[in-house]
Ligand SMILES: [Ca+2]
Ligand SMILES: [Ca+2]
C-alpha cells in the first residue's frame with residue numbers, strides 16, 4: 001500500500017473507528033466532552049430525616065450508599081444538534097457542519113428523600129442536566145475568539161465551549177422549575193468551564209444557582225442553604241458511561257436499579273433504554289432520548305407528549 005493511502009486509512013480509522021451509535025461523532029470525542037463538561041455539583045451532605053449523607057449519599061457518582069456497586073453508573077449521551085432559531089432573539093444558532101453538540105447527563109439517586117413540607121420521598125430518582133456545546137461561535141454574525149473548524153474540533157475536546165445549560169428541577173412534575181441559561185464570558189458567547197449547579201436538599205432537583213434553588217418547587221419549598229458541599233469530581237468521572245442511542249449496539253447500557261430502602265443495597269441492573277420507571281421515577285429514555293430539549297425555544301417535552 002502506498003504511504004499516502006496508508007496515512008489516509010489511519011486518519012479515517014482514527015476518526016471513525018469508534019462511532020458505534022453512528023451519529024457522526026467519534027465516541028472518544030463524546031467521552032472527552034462529557035468528562036470536560038460534567039457539572040460541578042453542590043449537594044446537601046448532612047443527615048436528612050435520619051438518613052446520613054443527605055442527597056450526596058444517594059448519588060450514584062460516589063455517594064456513600066452506592067459507591068460499592070460497579071453498575072452505579074452516571075449515564076450520558078452526546079449527539080449533534082442541527083441549526084435552530086433562538087426564540088428570544090430570532091438569531092440563527094448552530095448552522096454549519098456539526099457546529100453544536102448536546103451532552104445530556106443523567107444524575108441517578110437511589111432515593112429521593114423528600115422535602116420538609118410535603119415529604120414526597122420515593123425510591124429511585126432520575127434527574128438530568130444538559131449542556132449545549134459549540135466549536136466557534138454558534139451564533140451567526142458573532143465573532144468567536146475560540147473559532148475552530150469542524151476538521152479540528154471533531155478530534156479535540158478542548159476546541160469546544162459551553163453556550164447553553166439546562167438544569168432539570170421537578171421536570172414534568174408538579175412545581176416544574178427546570179430552566180435554561182445562556183453561557184457568556186465577559187466579552188463573548190461561550191465558556192470553557194463545566195457548569196456549577198446546585199442540588200436541592202432531599203428532592204435532588206438541580207438548579208443553575210443557589211437563589212434559583214431557594215425559589216424552586218411548589219411554595220418555594222426547595223432549599224440549598226445548609227450543610228452543603230461541592231462534591232468530589234473524580235469519582236463521578238470514573239462512573240460516566242456513554243449510553244449511545246436507543247437501539248444502538250456497542251454500548252454497555254446497564255445501570256443498577258435503586259435500593260428497596262434508603263440505605264440498602266442497589267438492585268440488579270437493567271437496560272437503561274428499555275426499562276420502565278427507575279424505581280418510582282421517570283424512565284431514563286424520557287430524560288436522555290433524542291429531541292427532548294428544544295434549545296431554540298428553551299422548552300422540554302414531557303412523557304405525555306412523547307410516544
Ligand atoms: Ca458517536
Ligand atoms: Ca452519541
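Every number here is computed from the coordinates shown, using simple stated rules; none is lab data. Owing to the predicted nature of the structure, the values given are computational and were not obtained by experimental measurement. Using ideal geometry, Cβ is built from the backbone for each residue, glycine included, and neighbour counts are taken over all protein chains shown.
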| message | Suppose the chain between residue 233 and residue 267 were pulled fully straight at 0.36 nm per residue; how much longer would it get relative to their current alpha carbon spacing? | response | 9.8 nm
| note | Extension length gain for residue 149 and residue 294 (0.36 nm per residue less Cα distance), in nm, is 49.7 nm
| task | Place the peptides 180-192, 74-86, 271-283 in order of packing, highest mean first, counting for every residue the other Cβ atoms within 10 Å and averaging per peptide. | result | 74-86, 271-283, 180-192
| request: Order these peptides, 225-238, 59-72, by their mean beta-carbon neighbour count within 10 angstrom, highest first. | output: 59-72, 225-238
| Does anyone have the angle between helix 27-37 and the longest principal axis of the chain? Alpha-carbon axes, 0 to 90°, nearest 10? | 50
| Given the chain, what whole percent of its Cα pairs are spread farther than 37 Å? | 15
| task | First measure r as the distance between the Cβ atoms of residue 156 and residue 35, then evaluate 1/(1 + (r/R0)^6) with R0 = 22 Å and state the FRET efficiency to the nearest 0.05. | result | 0.95
| request: Determine, for each peptide in 208-214, 90-96, 162-168, the mean count of other beta carbons within 10 angstrom over its residues, then list the peptides with the highest first. | output: 162-168, 208-214, 90-96
| query | Separation of the stretch 150-180 and the stretch 221-240 by C-alpha centroid, Å? | reply | 18
| note | Between the alpha carbon centres of the stretch 35-96 and the stretch 241-307 the gap in Å comes to 13
| remark: Quick shape check on the stretch 240-307: root eigenvalues a ≥ b ≥ c of the Cα gyration tensor, a/c under 1.5 is rounded, otherwise prolate if a/b tops b/c, else oblate, and it reads oblate
| query | So what is the relative contact order of the chain, in percent, for Cα pairs below 8 Å that sit 6 or more residues apart? | reply | 22
| said: Shape verdict for the stretch 8-137, please, from the Cα gyration tensor: rounded (a/c under 1.5), prolate (a/b greater than b/c) or oblate. | reply: oblate
| query | What's the angle, to the nearest 10 degrees (0 to 90), between helix 3-16's Cα axis and the longest principal axis of the chain? | reply | 20
| message | What does the extension gain come out to for residue 225 and residue 173, with contour length at 0.36 nm per residue minus their alpha carbon separation? | response | 16.4 nm
| message | As an exercise, use a Förster radius of 35 Å and the Cβ-Cβ distance of residue 186 and residue 301 to find the FRET efficiency, rounded to the nearest 0.05. | response | 0.55
| query | Using only helices, what value at 222 nm comes out for the chain when you add -39,500 (n - 2.57) per DSSP H run of length 4 or more and divide by the total residues, to the nearest 500 deg cm²/dmol? | reply | -4000 deg cm²/dmol
| field | FRET efficiency for residue 89 and residue 20, using Cβ-Cβ distance with R0 set to 41 Å, rounded to 0.05 | value | 0.65
